[in-house]
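Before any comments, here is the structure.
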Amino acid sequence: MTEAGINRLALHAVHEALGATFRMRGGWRLPESYGDSEDEYARLRSNAVAFDRSDRTRLLVSGTDAGTVLGMVFGDAAGELEEGRAVRAAALDSRGRIADLALVARTGGIAYIVMGEPRRGATTMAMLEDAVGEGYDVAIQDRTATTCLVGIAGPGAAEAAARHVNEDLPPRLPSMHASPFEFHGYRALGVRTSSVGEDGFEFMVAPPVAEHLLGLLQGSGVGLAGAGAQEIARIEAGVPAFTPDLETGLTPAEAGLSEVLGLPTEEPTRVLSALLFEGSEAPPVGTPALADEQVVGELRSCAFSFALDAAAGLAILNRNRSHLGTAISVGGARALVAQRPLYRRRKT
């Protein structure tokens, strides 16, 4: 829903009833927490939490030439997907900069779902439509407003999905696989994926089903997590978001995504780097990054990490200042360039 330029989730009223506080993020009024972001983050890392990711765009691309069109926009890996598989891909503009980051899943013989970054749907839709040649058999439909995207993430995500969603899902869905399934008699799509450094699932369902699913998960003890806890985990995992990390215009190489996206590696002049601050202060997005009193980049994401007991961030830095251990000053706060991801689960 959109009101006076503010985007709201379809289940906005449901989140209000569940006790959410809200914050504007990337043009969306999103649940920030349900009372305690630190507790929500702790449960994400220790067990599992559920969350509403319906701000992400969802485009259905179908037809005998759907793979060809997707390959032209998102690359060969997306266009050559086997049924039931998913891949992370980037749509690039005419200058080779990232226009959208998406999860592309082949859900049927000639049907695909493109789950893209918030507010990038119109751009990606236009790129897909431009790739449709004369006589192509392709239909492109925006399903963002008519569906919801509910996620579960954490080391206990598989157990939670089996117990509360569909017991057959975890065994038949390895990482980066997709499958339709039934939830209480309704058709749904499940994808095994996560952007917070933990195991996870995302379920594309109709809004009434999403409302029931979120209520069920909260009532079962899985609990809900707002955007605050998710943002901390995303930054710790070193996963860039279009807003705010890529919106200034970065290539896959500059974003550090060449290997993930299966693209040729390059040596760019600037790099999206992880920063670990010495204190708890989280400077605002866009604050210049300095080294030896010279501007060498700018901060793009930042949040206080409960696990690291310090602020953590992602910053665009000149390549010669992006080496591990380089001291950086951001708004008077001292930080060191660190390895991505900042958080790694300890293996026992």
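The values are calculated or read from the model by the stated rules, or taken from the named source; none is laboratory data. No experiment lies behind these values; they were computed from the predicted model shown. Note: ideal-geometry Cβ built from the backbone for every residue, glycine included; neighbour counts use all protein chains shown. SASA here: full protein model, heavy atoms, side chains in, ligands and nucleic acids out. Shrake-Rupley method; radii C 1.70, N 1.55, O 1.52, S 1.80 Å.
Per-atom-type breakdown for the range 233-307 gives carbon and sulfur 51% of the accessible area (1.4 Å probe, protein chains only). Over all other residues within a Cβ to Cβ distance under 12 Å of Ala310, the charged ones net out to -3, with Lys and Arg as +1 and Asp and Glu as -1.
When you work out D = kT/(6 pi eta Rh) for the range 58-211 at 4 °C and 1.567 mPa s, using the Kirkwood radius from C-alpha pairs as Rh and the Stokes-Einstein form, the result is 82 µm²/s.
Taking the Cα centre of the range 133-219 as reference, the dipole from Cβ charges on Lys and Arg (+1) and Asp and Glu (-1) amounts to some 140 debye.
Leaving ligands and nucleic acids out of the surface, order His184, His177 by accessible area at 1.4 Å, largest first.
So the residues, ranked largest to smallest area, are His184, His177.
Computed from point charges on the beta carbon alone (+1 for Lys and Arg, -1 for Asp and Glu), the dipole magnitude for the chain about its Cα centre is near 460 Debye. Around the Cα centre of the range 179-267, unit charges on the Cβ atoms of Lys, Arg, Asp and Glu (plus for the first two, minus for the last two) sum to a dipole of about 500 debye.
Were the residues from Leu216 through Gln294 laid out at 0.36 nm apart, the gain over their Cα-Cα distance would be 22.8 nm. Across the options Ala161, Ala17, Pro240, the greatest Cα extent toward the positive end of the charge dipole of the chain (unit charges at beta carbon of Lys, Arg, Asp, Glu) belongs to Ala161. Measuring only protein heavy atoms, the 1.4 Å probe finds Tyr343 accessible over about 50 Å². Protection proxy ranking, highest mean first, for peptides 220-227, 323-330: 220-227, 323-330, where packing is the per-residue count of other beta-carbon atoms within 10 Å, averaged.
How would you rank 244-253, 288-297, 123-132, highest first, on the average number of other Cβ atoms within 10 Å across their residues?
Numbers: 244-253: 19.6, 288-297: 15.4, 123-132: 17.2.
In decreasing order of mean packing, 244-253, 288-297, 123-132 become 244-253, 123-132, 288-297.
Rolling a 1.4 Å probe across all protein chains gives Phe304 an accessible area of roughly 60 Å².
Got a sec? Charge dipole of the range 65-119, +1 on Cβ for Lys and Arg, -1 for Asp and Glu; which of Ala111, Leu70, Gly96 is way out at the positive end? Among Ala111, Leu70, Gly96, the one farthest towards the positive end of the dipole of the range 65-119 is Gly96. The listed peptides 136-144, 210-218, ordered by packing as a protection proxy, come out as 210-218, 136-144 (highest mean of other Cβ atoms within 10 Å first).
This structure gives Rg and Dmax of the Cα atoms in Å, computed directly, and of (i) 19.9, 62; (ii) 20.8, 67; (iii) 22.4, 92 that value is listed as (i).
Distance from the Cα centroid of the range 299-325 to that of the range 88-116 is 27 Å (rounded to whole angstrom).
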